[in-house]
Amino acid sequence: MKKTLFLFLVMCAMVQASTLRIATAANMSYAMEALKVHFEKAHPDTQLEIMVGSSGKLAAQISNGAPIDLFLSANMKYPQALYEEGLTQKAPVVYAKGVLVMLSTKPRDYTRGLKLLESPQIKKIAVANPKTAPYGVAAEEALKHAGVYDAVKEKFVYGESVSQTVTYAVRAADIGLIAKSALFSPHMKMFKKGTNWADVDAKLYTPIAQGMVLIKKSRHQEEAQQFYDFLLGDEGRHILLAYGYLLP
């Protein structure tokens, strides 16, 4: 009898729980697991369903009517476009600023900065596709400002998202330009600062202001607002800092 009652209560709780669908840029996938755990602990009646992809492709899906409640982009361009289409509740806000780093599985002389990429020892460079991923735009801008773009562009191996670019950097290329947040996932902690990775000079690229927006057609507007407030609050900001982001 007690077992039957327990199962009944569990089933009732599952039925009552809301599922909040969040579309997030690939660079945020590493921090989202921690954010998900903390948010669901504070809001046990809400479950998060996370969809990860390039910002451009996610924005296109939302524009085409995908049932998304909240969108976390890797830049402001795509959420701003959705806002101008009248698809969001209000204008997007910056929730974090992303940082670009160089990563190699082998020790490198990072004192050379991006000039390092001109080395004949580096034959393949993993870069996010600037057509779909804001970190690709930042990488391209940094390389041009450093005066090495034309010399190294034939070495590029493009990833369609930051997460794919990380995979290429580790498995298929000699070095990669990736989001710093990727370094804070458990399977990346073996790589050491100054040996395997280093920050790209922030003066070489426009700060990667990452935008968040609430979708107007959301069926869970109250829950979406709760996550929105959580991410901009002290706990969310603390997690973002822990995953290598700068705060706006």
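See the values below:
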{"quantity": "Test: residue in region 33-40 that is in contact with a strand residue (DSSP E or B) (Cβ under 6 Å, 6 or more places away or on another chain) and either assigned by TED's automatic domain parsing to the domain that holds V157 or among the basic types (K, R) (or both)", "calculated": "yes"}
{"quantity": "Number of the exception - E49 against (1) surrounded by 15 or more Cβ atoms within 10 Å (Cβ to Cβ); (2) of a type outside the set (A, V, I, L, M, F, W, C); (3) under 20 Å from the mean Cα position of the chain (by Cα)", "calculated": "(1)"}
{"quantity": "Any hit, region 54-72, residues being in contact with a strand residue (DSSP E or B) (Cβ under 9 Å, 6 or more places away or on another chain), modelled with pLDDT of 95 or more, among the acidic types (D, E) and not in a helix (DSSP H, G or I)", "calculated": "yes"}
{"quantity": "Some residue of region 97-116 being touching a Lys or Arg at 6+ places or on another chain (Cβ under 8 Å), free of Cβ contacts under 8 Å to residues at least 60 places away in the same chain and not aromatic (F, W, Y)", "calculated": "yes"}
{"quantity": "Pair list, Cβ under 9 Å, 6 or more apart: region 222-248 residue free of Cβ contacts under 8 Å to residues at least 40 places away in the same chain, other residue assigned to a helix (DSSP H, G or I)", "calculated": "D229/G236; R237/L231"}
{"quantity": "Region 52-80: number of residues that are among the charged types (D, E, K, R) and surrounded by fewer than 24 Cβ atoms within 10 Å (Cβ to Cβ)", "calculated": "2"}
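The values are calculated or read from the model by the stated rules, or taken from the named source; none is laboratory data. Nothing here was measured: the structure is a model prediction, and the numbers come from that model. Neighbour counts run over all protein chains shown; Cβ positions are idealised from the backbone, glycine included.
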